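Report on one structure; see the data block that follows.
The values are calculated or read from the model by the stated rules, or taken from the named source; none is laboratory data. Small disclaimer: the values here were computed from a predicted structure and weren't measured. Quick reminder, even Gly has a Cβ in these numbers, built from the backbone with ideal geometry, and neighbours come from all protein chains shown. Surface areas here come from the heavy atoms of the whole protein model, side chains and all, with no ligands, DNA or RNA. Shrake-Rupley method; radii C 1.70, N 1.55, O 1.52, S 1.80 Å.
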Amino acid sequence: MKIAVYGQYYKDNTEEIIDKVLAVFDNYDPEVAIESNFYNVLTEKNLLNGRAYPVFTGHAELNGFDMLICIGGDGTMLRAATYVRDKNIPLVGINAGRLGFLATVQQENIEHLLPLIFENKYKVSPRTLLSLDYDGKADNPSDDLDFALNEVTVSRKDTTSMITIETKLNGEYLNSYWADGLIISTPTGSTGYSLSCGGPVLMPELSGFVITPIAPHNLNARPLVIPDDTEIELKVSSREEQHLVSLDSRIISMNVETPLRIKKTGFKINLVEFPEEKFTDTLRKKLLWGEDKRN
Ligand SMILES: NC(=O)c1ccc[n+]([C@@H]2O[C@H](COP(=O)([O-])OP(=O)(O)OC[C@H]3O[C@@H](n4cnc5c(N)ncnc54)[C@H](O)[C@@H]3O)[C@@H](O)[C@H]2O)c1
Ligand SMILES: Nc1ncnc2c1ncn2[C@@H]1O[C@H](COP(=O)(O)OP(=O)(O)OP(=O)(O)O)[C@@H](O)[C@H]1O
């Protein structure tokens, strides 16, 4: 089995996590490669116990891998998705962060859950992504910035004034939101930013997106669930010349009045799901649905 390992940060608890992961590797003897920046950190801190591994630097070098193990929080998982892209490599997250909604393996469960990967005792949960297109995109040097696992968001820039977001679905006018911004969320992203703005939680396998306004002053505007084969067009007008567009954690400035075309990508990201860490378990544990004392 060929395993890629990705992480962004070094913290005090990294050593303990790496020790546990390496112990599982020792038992199952996979071929391992580590993302080069993370590898440098791990070797500098002497966390690999003198072992050497091949490195990878980007998406193109991940051909032939069977799994990407991501060590970090949800932000690191979102970044890891930019390495996997359309390669169909299952992605599993070891939560070194705070919430870890997408990174479902807790530190204390590494020895128990990671072996299940090698014993083929896991499922994959295919996740729909959103793509962004606009005239002039090819001139933008950041080619990472054209898809999102969580959401595409437009928001105001350099102003406290609201922006107006003209929204069309499959070419037909829906609404002009007068708001701080607008979120187009995937089912995966429905538990992230969209949820904070009053959006519904979508089950991961649902074929839908959510359009959630951020603090709309049209008080009747509510989050809307749409079929995921819809092509969404947004056009922002503002007192400023630019507004922001974000795809998950990544953000760019965009000239106002630029038509933004958003639709489902032609590929999915396969998140690993273990029998005892299903989406509904994560909902209860991470969003604390089970914490109401009356339950
Ligand atoms: N007000 C908000 O709730 C808000 C604002 C901005 C961004 N976000 C979310 O943060 C994401 C980017 O992450 P970051 O690490 O760069 O920002 P960050 O450091 O501000 O972390 C955002 C928080 O959102 C959680 N999160 C991310 N994706 C999630 C998901 N699919 N389900 C449940 N929780 C999730 C993370 O665990 C983290 O605690 C965005 O894609 C967006 O969903 C949320
Ligand atoms: N490899 C790692 N080793 C130890 N700690 C880590 C590692 N990666 C991330 N962390 C911890 O997790 C924090 C958050 O990580 P990350 O940005 O990936 O997630 P996040 O989006 O903030 O979400 P979450 O709420 O799940 O932590 C980091 O600041 C750090 O404290």
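For region 129-266, what % of the accessible area comes from carbon and sulfur atoms, probe 1.4 Å? Of all accessible area on region 129-266, carbon and sulfur atoms account for 47 percent. Were the residues from His217 through Asn40 laid out at 0.36 nm apart, the gain over their Cα-Cα distance would be 58.8 nm. Each label point was placed 7 Å from the Cα along the Cα-to-Cβ direction; for Glu257 and Asp135 their separation is 1.1 nm.
Annotation: lysines with alpha-carbon distance below 30 angstrom to Lys264 (same-chain offsets under eight excluded): Lys2, Lys87, Lys121, Lys123, Lys137, Lys157, Lys168, Lys235, Lys278, Lys285, Lys286.
Both radii were evaluated on the Cα set of region 18-171; the Rg over Rh quotient, with Rh as the Kirkwood radius, amounts to 1.04. Restricting the trypsin sites (Lys or Arg not before Pro) of region 176-285 to loop positions (DSSP other than H, G, I, E, B) with no more than 13 neighbouring Cβ atoms within 10 Å leaves Arg239.
For trypsin sites (Lys or Arg not before Pro), the sites in region 77-160 that DSSP calls loop and that have at most 11 other Cβ atoms within 10 Å are Arg98, Lys121. Take the alpha carbon gyration tensor of region 154-295, find the square roots of its eigenvalues, order them as a ≥ b ≥ c, and report rounded if a/c is under 1.5; if not, report prolate when a/b exceeds b/c, else oblate. Prolate. Take the Cα of Thr159, step 7 Å toward its Cβ, do the same at Asn120, and the gap between the two points is 5.8 nm.
Taking θ as phi - 60° and the Karplus parameters 6.51, -1.76 and 1.60, the scalar couplings of region 255-265 work out to 5, 4, 6, 7, x, 10, 10, 10, 7, 4, 6 Hz in sequence order, x denoting glycine and proline. What does the charge add up to near Leu130, with Lys and Arg as +1, Asp and Glu as -1, over the other residues with Cβ less than 10 Å from its Cβ? Summing Lys and Arg as +1 and Asp and Glu as -1 gives -2. Where only DSSP H runs of four or more residues are counted, the chain gives -5500 deg cm²/dmol as its mean residue ellipticity at 222 nm, each run worth -39500 (n - 2.57). The GluC sites (Glu not before Pro) of region 82-131 that DSSP puts in a loop, and whose beta carbon has at most 14 other beta carbons within 10 Å, are Glu119. Shape class for region 95-165: prolate, because the ratio a/c of the largest to smallest gyration tensor axis (alpha-carbon atoms, square roots of eigenvalues) is 1.5 or more and a/b beats b/c.
Summing charges over all other residues whose Cβ lies under 10 Å from the Cβ of Lys285, with Lys and Arg as +1 and Asp and Glu as -1, gives -1. With q set to 0.14, 0.28, 0.33 Å⁻¹, the log10 of I(q)/I(0) for region 17-61, from the Debye formula over equal scatterers at the Cα positions, is -0.33, -1.13, -1.27.
Taking amide H atoms as placed 1.01 Å from N in the peptide plane, the amide H of Gln106 lies under 5 Å from those of Asn95, each 5 or more residues away in sequence or on another chain.
Between region 152-216 and region 19-67, the alpha-carbon centres lie 38 Å apart. Across region 63-74, computed HN-Hα scalar couplings (Karplus, 6.51 cos²θ - 1.76 cosθ + 1.60, θ = phi - 60°) run 4, x, 7, 9, 6, 10, 9, 10, 10, x, x, 5 Hz from first to last residue, x flagging Gly and Pro. Ordering Leu260, Thr82, Phe25 by the projection of their Cα atoms onto the charge dipole of the chain, which places +1 on the Cβ of Lys and Arg and -1 on the Cβ of Asp and Glu, puts Leu260 at the extreme positive end.
Each listed q (0.09, 0.15 Å⁻¹) maps to a log10 I(q)/I(0) for the chain from the Debye sum over equal C-alpha point scatterers, namely -0.48, -1.14.
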